[in-house]
Amino acid sequence: MKKVVYPGSFDPITNGHLDVIERAAKIFDEVVVAVIRNPEKQAQFPLADRLEMLKQSTGRMKNVYIDSFDGLLVDFVEQQKAGGVVRGLRAVSDFDYEFQMAITNRRMAPDVETIFLMTDYHFSYLSSSLVKQIAKLGGDITSLVPAPVAKYLTSKGVK
Ligand code: PNS
């Protein structure tokens, strides 16, 4: 498999997401990081800002592309002519939701594989929601997110 899609809300991208992107970029020829345009849960940051943070955080990885999608993930994967979807697993608690999504996607598109990559254990506790909460309460998030995200959160007065 040459091309994969790594979808998510990325609201904002964390070092855990970056870890998955780096791992995927070593395995596959092309990784399309795809930000969902209208997530079920309202995103805190505008799509354009989330895309920009991703671009700045992944700029040095030459086989990583940033895009956005609406509608069904499997339709986007097929449009991209990608072979599969990459998702990160932090802990066992992620598994139920991820398994449900993978099986649902497989029912709709049997040829679209889901590939799970384990994040480094340093990131097993990390989520975008936690980052936002810590930043809002004045905590230091510099070790939790890529530098462009820390800068963005500071500029928005989130920290
Ligand atoms: O970062 P997230 O919020 O865990 O990402 C979830 C995402 C965007 C991957 C998921 O909600 C998704 O694929 N949405 C697109 C709609 C879709 O295809 N739904 C059916 C699969 S369950």
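In whole Å, what are the extents of the range 3-155 along the principal axes defined by its C-alpha atoms, from largest to smallest?
Principal-axis extents of the Cα atoms in the range 3-155, largest first: 46, 31, 30 Å.
Per residue of the range 48-64, what does 6.51 cos²θ - 1.76 cosθ + 1.60 with θ = phi - 60° give for ³J(HN,Hα)? Whole Hz please, x for Gly and Pro, Karplus curve as stated.
4, 6, 5, 5, 5, 4, 5, 4, 5, 7, 10, x, 6, 9, 6, 9, 10
Which of K2/K136; K81/K132; K55/K132; K3/K41; K62/K136; K2/K132 have a Cα-Cα distance over 30 Å?
K2/K136; K81/K132; K62/K136; K2/K132
What angle, in degrees between 0 and 90 and rounded to the nearest 10, separates the Cα long axis of helix 95-108 from the longest principal axis of the Cα atoms of the chain?
For helix 95-108, the angle is close to 40 degrees.
Which value, in Å², gives the accessible area per residue of the range 3-155 when a 1.4 Å probe is used on the protein heavy atoms?
54 Å²
What 222 nm value per residue comes from the helices of the chain, counting each DSSP H run with n ≥ 4 as -39,500 (n - 2.57) and dividing by all residues, nearest 500 deg cm²/dmol?
The helix contribution divided over the chain gives -12000 deg cm²/dmol.
Sorted by average packing, counted as other Cβ atoms within 10 angstrom per residue and highest first, what order do 18-26, 149-157 take?
Sorting 18-26, 149-157 by mean packing, highest first, produces 18-26, 149-157.
Using only Cα atoms, locate the centre of the range 39-63 and the centre of the range 100-153, then give the distance between them in Å, rounded to an integer.
12 Å
The values are calculated or read from the model by the stated rules, or taken from the named source; none is laboratory data. The structure displayed is predicted, hence computed values, not measured ones. In this analysis, Cβ positions are derived from the backbone assuming ideal geometry, glycine residues included, and neighbour counts consider all displayed protein chains. Areas reflect the complete protein model, heavy atoms only, side chains present, ligands, DNA and RNA absent. Shrake-Rupley method; radii C 1.70, N 1.55, O 1.52, S 1.80 Å.
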